[in-house]
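Data block below; observations after.
The values are calculated or read from the model by the stated rules, or taken from the named source; none is laboratory data. None of these values were measured; they are calculated from a predicted model. Note that we place each Cβ from the backbone using ideal geometry, even for glycine, and neighbour counts take in every protein chain shown.
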Amino acid sequence: MGVKAGIIGLPNSGKTTLFNLLTRQHAPTAPYPFTTIDPNRGVVEIPDERIEKLSSIISPPRVVPATVEFIDVAGLVKGASQGEGLGNQFLSEVRGVDAIVHVLRFFNDTQVAHVMGGIDPARDLETIEIELLLADREVLDRRFSRARELTHKIKDTSIEFEYTVLDRCLKALDNAVPLRKMVLSDEEKIILRSSQPITLKPVVHVANCDEGEDSCRLVTHLRQTQPLNNVTLLKVHAKLEEELVELTHPERVSFLQAYGVEESGLVLLIKEVYRALGLVTFFTFNEKELRAWEIPAGTHASTAAGKIHTDMEKGFIKAEVVNYVELAAAGSLESLRREGKVRLEGREYQVQDGDVIYFRFSPF
Ligand SMILES: Nc1nc2c(ncn2[C@@H]2O[C@H](COP(=O)(O)OP(=O)(O)OP(=O)(O)O)[C@@H](O)[C@H]2O)c(=O)[nH]1
Ligand SMILES: [Mg+2]
């Protein structure tokens, strides 16, 4: 199962336009709010030059890149956590994702209504953040009350721990601190897991800009201001890119450059989601396919093997590892073998980004 990213933001910020660009779908978009009601879903391949290079070295019959599933949900408005707009329906969808892509409207277009009156991305950002904080608050507060009651009735260290964790988190939320900014131990995160708090998820902010100078100025301004707190703000030109969908990649790049846009924001966005999730990629190949797999940084070799098949984890013997950089430089796996540069690693080995791995395991 690949990772999931939820696209959120105010109505008419361009979420579905962006979703269509990412997934090459044609979900309806319109200049009035709440065009999207049921979520749109689509799987996107993660662009990775390395898999292309490996493919030219290995020549596999099939290449399977790593993927991210994007989910475009209904617009969120002020009061959503209390059921305004499509409120709770929207929020339950967001709880299930691994990362959040928050689309902010920077483009000015009088034909496209703005639910908050006018272009002000800092205000929009804060509005949505507050709804997410309130939504988490509500969920955690219910658990907190239950835990508090129980601590009065029975003496149990695990309930006391839960009570303390929830208390700390609620205090942070009350101070408008999203949970992702807290320092939480693995044990504390486990306590929170079942509630799937939205503000704990990594977030990538997207500035949906037009080609005008105002958009650029606002991006620079917001990047420097407090609400963003050094979180990435990626610039995209959804409407402009939409007009270029039919073009080939080089044509698109030169067209964007004519508008003073350096690089397509879409590729950067997909990569940024991957990075925000703290994922690394390893590659496997056999006579059938070359495949990229995404795993959290720091994953052990045996757990990585389990991603391919549970039997591989259970019967794990060794991992034969070369890094992509060495393989690309050598030009063939055989020459690395001859030079004794294929490493044999045990189950505790932490898989590195770009490792090309062959797992040895004993089948049951
Ligand atoms: N001028 C301009 N219009 C845009 C841009 N991005 C999106 N739009 C238009 O804005 C309108 C709303 O876009 P959508 O993609 O439907 O917005 P949304 O955020 O999905 O809206 P809801 O589904 O209603 O929440 C459409 O008419 C788009 O064509 C942009 O960068 N510039
Ligand atoms: Mg939409």
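Every residue, every condition in (1) more than 16 Å from ligand 2 (Cβ to nearest atom); (2) at pLDDT below 90; (3) part of a loop (DSSP other than H, G, I, E, B), yes or no:
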| residue | (1), (2), (3) |
| --- | --- |
| Thr29 | no, yes, yes |
| Pro33 | no, yes, yes |
| Arg41 | no, no, no |
| Ile57 | yes, no, no |
| Ile71 | no, no, no |
| Gln89 | no, yes, no |
| Ser92 | yes, yes, no |
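Condition check ((1) in contact with a helix residue (DSSP H, G or I) (Cβ under 6 Å, 6 or more places away or on another chain); (2) closer than 23 Å to Phe19 by Cβ; (3) modelled with pLDDT of 85 or more; (4) assigned to a helix (DSSP H, G or I)) across all residues:
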position: Val231; (1), (2), (3), (4): no, yes, no, no
position: Glu246; (1), (2), (3), (4): no, yes, no, no
position: Pro250; (1), (2), (3), (4): no, no, no, yes
position: Ser254; (1), (2), (3), (4): no, no, no, yes
position: Gly260; (1), (2), (3), (4): no, no, no, no
position: Glu263; (1), (2), (3), (4): no, yes, no, no
position: Val267; (1), (2), (3), (4): no, yes, no, yes
position: Lys271; (1), (2), (3), (4): no, yes, yes, yes
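Can you run down the residue pairs with Cβ atoms below 7 Å, 6 or more apart or on separate chains, where the first is in the range 324-341 and on the phi > 0 side of the Ramachandran plot and the partner is assigned to a helix (DSSP H, G or I) and surrounded by 11 or more Cβ atoms within 10 Å (Cβ to Cβ)?
From residues that are on the phi > 0 side of the Ramachandran plot, the pairs are Gly331/Ile57.
For the range 10-56, give me each residue that is within 16 Å of Glu93 (Cβ to Cβ), of a type outside the set (Val, Ile, Thr) and within 6 Å of ligand 1 (Cβ to nearest atom).
Pro11, Lys15, Phe34 - these are the residues of the range 10-56 that are within 16 Å of Glu93 (Cβ to Cβ), of a type outside the set (Val, Ile, Thr) and within 6 Å of ligand 1 (Cβ to nearest atom).
Based on what the data block shows, is Ile100 at pLDDT 85 or above, touching a Ser or Thr at 6+ places or on another chain (Cβ under 7 Å) and either more than 29 Å from Glu138 (Cβ to Cβ) or of a type in the set (A, V, I, L, M) (or both)? Steps first, answer last, please.
Details: at pLDDT 85 or above: yes; touching a Ser or Thr at 6+ places or on another chain (Cβ under 7 Å): no; either more than 29 Å from Glu138 (Cβ to Cβ) or of a type in the set (A, V, I, L, M) (or both): yes.
Here the answer is no, as Ile100 does not meet what is asked.
How many of the residues in the range 8-24 are touching a residue at least 60 places away in the same chain (Cβ under 8 Å) and over 24 Å from Asp120 (Cβ atoms)?
Of the range 8-24, the ones touching a residue at least 60 places away in the same chain (Cβ under 8 Å) are 8-15, 17-18, 20-22, 24.
After this cut, where a residue has to be over 24 Å from Asp120 (Cβ atoms) as well, the list is 20-22, 24.
Of the residues in that region, 4 qualify.
Report yes if Thr151 is part of a helix (DSSP H, G or I), surrounded by fewer than 16 Cβ atoms within 10 Å (Cβ to Cβ), at pLDDT 90 or above and of a type in the set (Val, Ile, Thr), otherwise no. It would help to see each step written out before you state the result.
On the way: part of a helix (DSSP H, G or I): yes; surrounded by fewer than 16 Cβ atoms within 10 Å (Cβ to Cβ): yes; at pLDDT 90 or above: no; of a type in the set (Val, Ile, Thr): yes.
It is false that Thr151 is part of a helix (DSSP H, G or I), surrounded by fewer than 16 Cβ atoms within 10 Å (Cβ to Cβ), at pLDDT 90 or above and of a type in the set (Val, Ile, Thr).
Please note which strands (runs of 3 or more DSSP E) are completely contained in the range 273-364 and include at least 1 residues that are closer than 22 Å to Val43 by Cβ and more than 25 Å from the chain's Cα centre (by Cα).
Fully inside the range 273-364 and qualifying: 279-285, 289-296.
Is it the case that Ile7 is near ligand 1 (Cβ under 9 Å from one of its atoms) and part of a strand (DSSP E or B)?
Working: near ligand 1 (Cβ under 9 Å from one of its atoms): yes; part of a strand (DSSP E or B): yes.
It is true that Ile7 is near ligand 1 (Cβ under 9 Å from one of its atoms) and part of a strand (DSSP E or B).
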